[in-house]
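Engineer: First, the structure itself, so that you have it in front of you.
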Amino acid sequence: VQLQASGGGLTQAGDSLRLSCAASGRTFSTYAMAWFRQAPGKEREFVASITWSGARTYFADSVKGRFTISRDNAKNTVYLHMNSLKPEDTAVYYCAARSGSAITTSPTDYLYWGQGTLVTVSS
């Protein structure tokens, strides 16, 4: 599976942004998907994940209530909808994929990674 993240950019606090992650391969619908982010000087951290069917989602406490994750298996794409953005959301955002049905938050559980897209939120 190859992943291509897009949609990042410069925005202001309080704004919304939608990230997309397009996947290649016919088995996309069998993979659980997740978004992680990495701010300068910090470790990569979990943001959100979604099961292969889209039935279950999970979010980091820091984004709960502001971000949502969805997927369109017909388009081989997963989305991260980010609302009420804060300067502390500034980071490179990565999408990742793993086989299996479980939702996990550890980066080491994900085998496939996109190249990342930069989100910068100004105050």
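Engineer: Condition (residue is open to solvent by 40 Å² or more (accessible area, probe 1.4 Å), over 30 Å from Ser123 (Cβ atoms) and either out of contact with any helix residue (DSSP H, G or I) (no Cβ under 9 Å at 6 or more places or on another chain) or touching a residue at least 60 places away in the same chain (Cβ under 8 Å) (or both)) applied to the range 10-22: is it met by at least one residue?
Structural biologist: The answer is yes, given that some residue of the range 10-22 is open to solvent by 40 Å² or more (accessible area, probe 1.4 Å), over 30 Å from Ser123 (Cβ atoms) and either out of contact with any helix residue (DSSP H, G or I) (no Cβ under 9 Å at 6 or more places or on another chain) or touching a residue at least 60 places away in the same chain (Cβ under 8 Å) (or both).
Rundown of residues vs (1) in contact with a His (Cβ under 6 Å, 6 or more places away or on another chain); (2) touching a residue at least 24 places away in the same chain (Cβ under 8 Å), yes/no style:
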{"site": "Thr51", "(1), (2)": "no, yes"}
{"site": "Thr68", "(1), (2)": "yes, no"}
{"site": "Ala74", "(1), (2)": "no, no"}
{"site": "Ser84", "(1), (2)": "no, yes"}
{"site": "Val119", "(1), (2)": "no, yes"}
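Here's the yes/no breakdown for (1) assigned to a loop (DSSP other than H, G, I, E, B); (2) more than 22 Å from Thr108 (Cα to Cα):
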| residue | (1), (2) |
| --- | --- |
| Val1 | yes, no |
| Met33 | no, no |
| Trp52 | yes, no |
| Thr68 | no, yes |
| Ala74 | yes, yes |
| His81 | no, yes |
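Engineer: Considering only the range 39-47, I want to know if a residue exists there that is in a loop (DSSP other than H, G, I, E, B), without any contact (Cβ under 8 Å) to a residue 12 or more places away in the chain and acidic (Asp, Glu).
Structural biologist: Yes, that holds for at least one residue.
The values are calculated or read from the model by the stated rules, or taken from the named source; none is laboratory data. The structure displayed is predicted, hence computed values, not measured ones. A quick note on method: Cβ atoms are made from the backbone with ideal geometry, for glycine too, and the neighbour counts reach across all protein chains shown. Surface areas here come from the heavy atoms of the whole protein model, side chains and all, with no ligands, DNA or RNA. Shrake-Rupley method; radii C 1.70, N 1.55, O 1.52, S 1.80 Å.
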